[in-house]
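Data first, discussion second: the structure below is written as C-alpha cells.
Every number here is computed from the coordinates shown, using simple stated rules; none is lab data. Keep in mind that what you see is a predicted model, and the values were worked out from it rather than measured. Glycine also receives a Cβ, built like all others from the backbone with ideal geometry; neighbour counts cover every protein chain displayed.
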Amino acid sequence: MDALLTALIVLLSSGGVILTTYYLLKRETDREKLNLHLDLRKSRQEYFLPNRVEAYQRSVLYLERINLNSLIMRLHNPGLPARAMQAELLKTIRDEYDHNVAQQLFVSPQGWKMLRDSKEETIKIINIAGNQMNETALSTDLATKIFELVGEIGQLPTEITVESLKKELQDLF
C-alpha cells in the first residue's frame, strides 16, 4: 500500500509540475505570437500607410477636379455648342476616373463606393442639364443650367464624399 501511495504522490507531483510547465510555456508562446503579430502589423502599416495617404490625397484631388463648379470653370469655352461642352465634361470626368482607378487598392471599399457614386451623380447632373438644352444652345447655357441644378441640390455628392474621405484618413492615424 505504501508503494502505491508513494507512486500516486509521485504521479500527482509530476503531473502538477508538467501542467505548470505547460501553462507557463503556453503563456510565453502566446505572448511571443502576440508580439510578432503586433510587429508585423506595425511593419505593414509603415509600408502601406504612405500609399494609403497618397491614395486618399489623389481621391480627394479627383473629387475636387470633377466638382461641377471647378470643372465648368476649367473647361468653359463660350463659343462651344452645349452638346460639345457636355461631351467634353463627361470625357474629362471619365478620363480622370480611369487615371485614378488604381487608388481603390488603398481606399476603403465604402470610400471608393462613395467616390464612384459621386462620379455617377455628377454625370447625371450634367446629362440632366444637357437634355434640357436645345440644338442651338451654347456652353454658357449649359453652364448656367448646371449651376441652377447645383443651386437646387445644395451640397454636391463630391463635397459629401470629400468630407467622408477626409474623416477616413484621419481615422488611419
*asked:* Which residue fluctuates most in the GNM of the chain (Cα springs below 10 Å): M85, M133, M73?
replied: M73
*Out of N35, P157, T6, whose Cα points farthest toward the positive end of the dipole of the chain (charges: +1 Lys, Arg; -1 Asp, Glu; placed on Cβ)?*
T6
*Among the lysines, which have Cα under 30 Å from the Cα of K42 when same-chain residues fewer than 8 positions away are ignored?*
K26, K33, K113, K166, K167
*Kindly point out which whole DSSP H helices in the chain project their C-alpha atoms 15 angstrom or further along the helix axis while averaging a Kyte-Doolittle hydropathy of 0.0 or above.*
139-153
_Counting only helical runs of four or more DSSP H residues, what would the 222 nm mean residue ellipticity of the chain come to if each run contributes -39,500 (n - 2.57) and the total is spread over all its residues?_
-30000 deg cm²/dmol
*Would you tally the net charge around I72, using a Cβ to Cβ cut-off of less than 11 Å, leaving I72 out, and scoring K and R as +1, D and E as -1?*
+1
*Using 0.36 nm per residue, how much length does the chain from L49 to A84 gain when fully extended, once their Cα-Cα distance is taken away?*
8.5 nm
*So what's region 50-172 giving for Rg/Rh, alpha carbon basis, Kirkwood Rh from the mean inverse pair distance?*
1.02
_7 Å from Cα along Cα→Cβ at both L105 and R74: what's the point-to-point distance in nm?_
2.4 nm
*Taking the Cβ of each residue in L156, L25 as the centre, tally the other Cβ atoms inside 10 Å and list the residues starting with the fewest.*
L25, L156
